[in-house]
1. I want to verify the translational diffusion coefficient of the range 173-238 in µm²/s; compute it with Stokes-Einstein, Rh as the Kirkwood radius over Cα pairs, at 20 °C and 1.002 mPa s.
2. If you line up the long axis of helix 141-155 against the longest principal axis of the chain, both from Cα atoms, how many degrees apart are they, to the nearest 10?
3. How large is ³J(HN,Hα), in whole Hz, for each residue of the range 50-57 in order, when computed from phi with the Karplus curve 6.51 cos²θ - 1.76 cosθ + 1.60 and θ = phi - 60°, using x for Gly and Pro?
4. Might you report the magnitude of the Cβ-based charge dipole of the range 149-207 about its Cα centre, with Lys and Arg at +1 and Asp and Glu at -1, to the nearest 20 debye?
5. Please return the longest range in the chain lying between exposed loop sites, taking chymotrypsin sites (Phe, Trp or Tyr not before Pro), DSSP loop only, at most 15 other beta-carbon atoms within 10 Å, and leaving the sites out.
6. Dividing the convex hull volume of the alpha carbon atoms of the chain by its residue count, what do you get in Å³ per residue?
7. If you average 1/r over all unlike Cα pairs in the range 68-210 and invert the result, what Kirkwood radius do you get in angstrom?
8. Can you find, among THR134, VAL181, GLY158, the residue sitting farthest towards the positive end of the charge dipole of the range 122-192, where Lys and Arg contribute +1 and Asp and Glu -1 at Cβ?
Amino acid sequence: MLVRMNAEATADQIGAMRKHLRSLGYETRRVSIFDEPVYSALPEDDAQPVKVDAIEGCAALIPASPTALVSRATRPQGTRVRVGGVEIGGDEFVVVAGPCSVESLDQLLETALSVRAAGAHLLRGGAYKPRTSTYSFQGLAKKGLQMLAEVRERTGLGIITEVIGPEDVALVAEYADMLQVGARNMQNFPLLKKLGKIGKPVLLKRGAGNTLDEWLSAAEYIVARGNDQVVLCERGIRTFETYTRNTLDISAVAAIHELSHLPIMVDPSHATGKRSLIESGARAALASGADGMCVEVHVRPDESVSDRDQALSPEAFDRIMKGLRPIASAIGRTMSHHPAWELSATPAAVTV
Ligand code: PEP
Ligand code: MN
């Protein structure tokens, strides 16, 4: 439910409303999407019915659909999300690139310099990895976060990294410019609730088995708690096809633009799982109106400890970026370089 207070409601009335709703079992959060004083009322255990006339200064209690705040109608002009000096959701086709996992400082720095030179805007790399096998490498955790922060210092690239549990949110938020929720966690509701209360943008990947409606309902968990800086990422869904790792649902891009004001990116790496197919997925993403893409690149792809088959070399990534530029100009999107892109792509010469 949403609680719309009168435009002239006093701070005391708002305080009293929140106290009253708390006593009935609701958490209330100011909804940043509206200029007017609108609050989400989020039921916790044992929430009781609420009556509008019991709240002084209340204009209306509005029953909310599961996607009320993320729907296009709520903000027809679209949402822009600012991360590490770039804006996602405007004219720029924002490119996030980097290794699947942070493996070492050298691996991360060399990869970062090469993707920056090719035109990437942001660096990705997992420090907490959600691996299918419990015997596989699970990520460098805090050490990985420290490496990401160091590479941000040395390259100027903002960093995006995954958080896999609610208990890690505070730590990951100390280091990251944007926190990624992976496909396996799209409906990890305690995690989404935590992410709604941090002042950092969130990249919400689509679950491999989830509908658009379930995906948007998951985004609503974050937005309803006061954080409207959410970007969606289509990364392929499970179908009967086995040749590709997943099936890139390219129609999700236009459908999400129709249904929601949140920006959407595409991850052609996890969608296809094969180096040879990533370029075509990237082109389709840009041509279909995605606000950006996330791609896995490794300075030595064959040494990748995770997702090796889909790791692009810096040279392959550079070729793909060059091929995207004419498409971007044909459809009125920009692909500008990071301010430091012309600096050397070798670690020895890093000056930024
Ligand atoms: C990743 O980005 O490395 C990842 C694990 O992706 P997904 O959650 O889409 O599988
Ligand atoms: Mn990966």
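1. Estimated via Stokes-Einstein, D reaches 185 µm²/s.
2. For helix 141-155, the angle is close to 70 degrees.
3. Coupling constants for the range 50-57: 10, 10, 5, 6, 7, 10, 5, x Hz.
4. The dipole of the range 149-207 has a size of about 320 debye.
5. Numbers: sites that count: PHE34, TYR135, PHE137, PHE240, TYR243.
So the longest stretch without any such site is 244-352.
6. Given the Cα convex hull of the chain, per-residue volume reads 143 Å³.
7. The Cα-based Kirkwood calculation yields 15.8 Å.
8. The one lying farthest along the dipole's positive direction is THR134.
The values are calculated or read from the model by the stated rules, or taken from the named source; none is laboratory data. Model, not experiment: these values are computed from the prediction. Here the Cβ is made from the backbone with ideal geometry for all residues, glycine too, and neighbour counts use every protein chain on show. Please note that ligands, DNA and RNA were not included when accessible areas were found on the heavy atoms of the full protein model with its side chains. Shrake-Rupley method; radii C 1.70, N 1.55, O 1.52, S 1.80 Å.
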